[in-house]
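What follows is a set of notes on a single structure, which appears directly below.
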Amino acid sequence: MKPTNGQQIISLFEQWAPKSLAVEGDSIGLQIGTLNKPVSKVLVTLDVNSKVVDEAIEKQCELIIAHHPPIYRSLKNVRTDLPQGSLIEKLIKHNIAVYAAHTNLDIASGGVNDLLADRLQLKNVQILEKTASEHLMKLAVFTPKESTEQVRVALGNAGAGEIGDYRNCSFTSAGEGRFKPTEDADPYIGQANKLSIVEEDKIEVVFPISIKNRVLKALLSSHPYEEPAYDLFQLESEVNEKGLGRIGELPQQVSLADYAKTVKDQLQVPFVRVVGKLDSNVHKVAVLGGDGNKYIHAAKRAGADVFITGDLYFHVAQDAEAINLAVIDPGHHIEQIMKTGVSDYMKTVCKNKQLLVEFIPSEISTEPFQLI
């Protein structure tokens with residue numbers, strides 16, 4: 001196992017939950033301290049408060065990965081006689097960096113909303129509200145027959161030809177290529193100022209636009225021609241859809257009252273608030289961690305019988321009731337599921353990279369509410 005630093009850890013984390021996934025204006029990334037230092041222990045927490053910082057100090061953690069940013073709005077000052085300034089001072093004094101992953105972790109595959117959907121045992125899970133996707137591109141390249149396989153393999157290794165659950169997909173058609181090298185050329189086949197006719201294959205593959213440069217690099221490094229002929233097209237088809245919230249199905253329909261009790265138990269909360277007729281049946285379930293007030297209509301459009309989210313406003317609850325959408329509010333704190341989720345994911349990634357670093361889920365509850 002090899003020692004590592006904060007930059008390498010966060011680089012691996014951002015391959016899972018890149019900043020580009022976050023909604024516009026979200027306060028994410030490194031907020032306090034530096035990543036340019038050795039890191040052997042990382043505390044994973046929902047929130048960063050004074051008790052959590054004390055825990056990080058006690059456990060000798062050099063880095064905190066938090067879901068909720070401790071600095072959410074721009075600071076005009078850092079007053080150490082006030083709670084936020086005192087918190088920042090304590091972190092700096094103990095050389096503890098804080099990195100926040102908020103909506104990018106909500107949206108990421110396997111992130112907060114997928115963790116919640118898994119805990120709620122939903123099946124056939126899909127995105128509730130799409131926030132991003134990318135176009136497919138199509139590459140058509142002409143190559144001499146003896147080089148077809150090496151080019152096809154190189155394109156596949158670069159990620160081209162992935163369609164759903166299938167890899168290395170391509171189409172090849174045969175034909176004739178014609179070209180006349182000039183005196184300045186260094187042709188793989190043919191002679192200067194003489195027309196060459198070559199048996200060639202046309203290889204066609206598709207790939208997401210985000211890996212275009214990688215695919216072209218693989219093409220040019222594997223192709224024998226000095227100047228390969230190829231075409232690139234942007235397709236209407238989109239892939240790699242990302243978004244907030246999830247919607248799925250229960251194994252069988254149950255009453256809203258029974259399901260509310262199940263949600264309470266599965267998410268380990270002391271109580272839930274419920275909107276809707278308790279004797280009505282629910283089968284299709286939408287879930288969005290945190291504050292989901294803006295998404296009741298998205299849940300309804302998606303066909304949800306019940307929407308599970310936190311921080312439900314009084315008038316939004318009335319709106320949900322008016323459109324016949326049941327809502328279960330287990331509170332914002334259910335996002336604490338990310339503590340073990342992120343820790344487990346990063347432990348696996350770093351173990352595979354043989355990096356000597358420990359990920360520790362915070363044991364501090366940052367739930368501010370008490371039930372009396």
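The values are calculated or read from the model by the stated rules, or taken from the named source; none is laboratory data. As the structure is a prediction and not an experimental result, all values here were calculated from the model. Glycine also receives a Cβ, built like all others from the backbone with ideal geometry; neighbour counts cover every protein chain displayed. Ligands, DNA and RNA are excluded from the accessible area calculation, which covers all protein heavy atoms including side chains. Shrake-Rupley method; radii C 1.70, N 1.55, O 1.52, S 1.80 Å.
Tabulated values for the structure
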item	result
Criterion violated by LYS284 - all others in (1) outside any strand (DSSP E or B); (2) open to solvent by 10 Å² or more (accessible area, probe 1.4 Å); (3) free of Cβ contacts under 8 Å to residues at least 40 places away in the same chain satisfied	(1)
Helices (runs of 4 or more DSSP H) wholly inside segment 287-352 containing at least 2 residues that are open to solvent by less than 10 Å² (accessible area, probe 1.4 Å)	296-301, 337-352
Sole exception among (1) part of a strand (DSSP E or B); (2) of a type in the set (A, V, I, L, M, F, W, C); (3) open to solvent by less than 70 Å² (accessible area, probe 1.4 Å) for ILE211, by number	(1)
Test result for GLY161, open to solvent by less than 30 Å² (accessible area, probe 1.4 Å) and under 30 Å from ILE107 (Cα atoms)	yes
Qualifying residue in segment 127-138 (condition: hydrophobic (A, V, I, L, M, F, W, C), free of Cβ contacts under 8 Å to residues at least 40 places away in the same chain and either surrounded by 15 or more Cβ atoms within 10 Å (Cβ to Cβ) or over 30 Å from ASP344 (Cβ atoms) (or both))	no
Candidates ARG167, ARG152, filtered to the one that is basic (Lys, Arg) and at pLDDT 95 or above	ARG152
Cβ pairs under 6 Å, 6+ apart, first in segment 146-158 and over 14 Å from PRO224 (Cβ atoms) and hydrophobic (A, V, I, L, M, F, W, C), second at pLDDT 95 or above and crowded, with 20+ Cβ neighbours inside 10 Å	LEU155/VAL205; LEU155/ALA218; ALA158/VAL215; ALA158/ALA218
Close pairs (8 angstrom Cβ cut-off, 6 or more residues apart or separate chains): among the charged types (D, E, K, R) in segment 57-86, in a strand (DSSP E or B) and open to solvent by less than 50 Å² (accessible area, probe 1.4 Å) anywhere	LYS59/LEU43; LYS59/ILE360; GLU62/VAL42; GLU62/ALA97
Segment 33-53, residues that are over 30 Å from SER210 (Cβ atoms) and open to solvent by 10 Å² or more (accessible area, probe 1.4 Å)	GLY33, LYS37, PRO38, SER40, LYS41, ASP47, VAL48, ASN49, SER50, LYS51
Candidate set: segment 54-69, residues that are crowded, with 19+ Cβ neighbours inside 10 Å and either out of contact with any Leu (no Cβ under 7 Å at 6 or more places or on another chain) or of a type in the set (A, V, I, L, M) (or both); chosen: the one farthest from GLU358 (Cα to Cα)	PRO69
Unmet criterion (only one of (1) over 13 Å from LEU155 (Cβ atoms); (2) out of contact with any strand residue (DSSP E or B) (no Cβ under 9 Å at 6 or more places or on another chain); (3) among the polar types (S, T, N, Q)) for SER221	(1)
All positions within segment 164-178 that are open to solvent by 70 Å² or more (accessible area, probe 1.4 Å) and either within 12 Å of SER222 (Cα to Cα) or touching a residue at least 40 places away in the same chain (Cβ under 8 Å) (or both)	none
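Residue-wise test of (1) at pLDDT below 95; (2) surrounded by 15 or more Cβ atoms within 10 Å (Cβ to Cβ); (3) among the small types (Gly, Ala, Ser); (4) over 28 Å from SER109 (Cβ atoms).
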| site | (1), (2), (3), (4) |
| --- | --- |
| LYS180 | yes, no, no, yes |
| PHE207 | no, yes, no, no |
| LEU216 | no, yes, no, no |
| SER221 | no, no, yes, yes |
| SER237 | yes, no, yes, no |
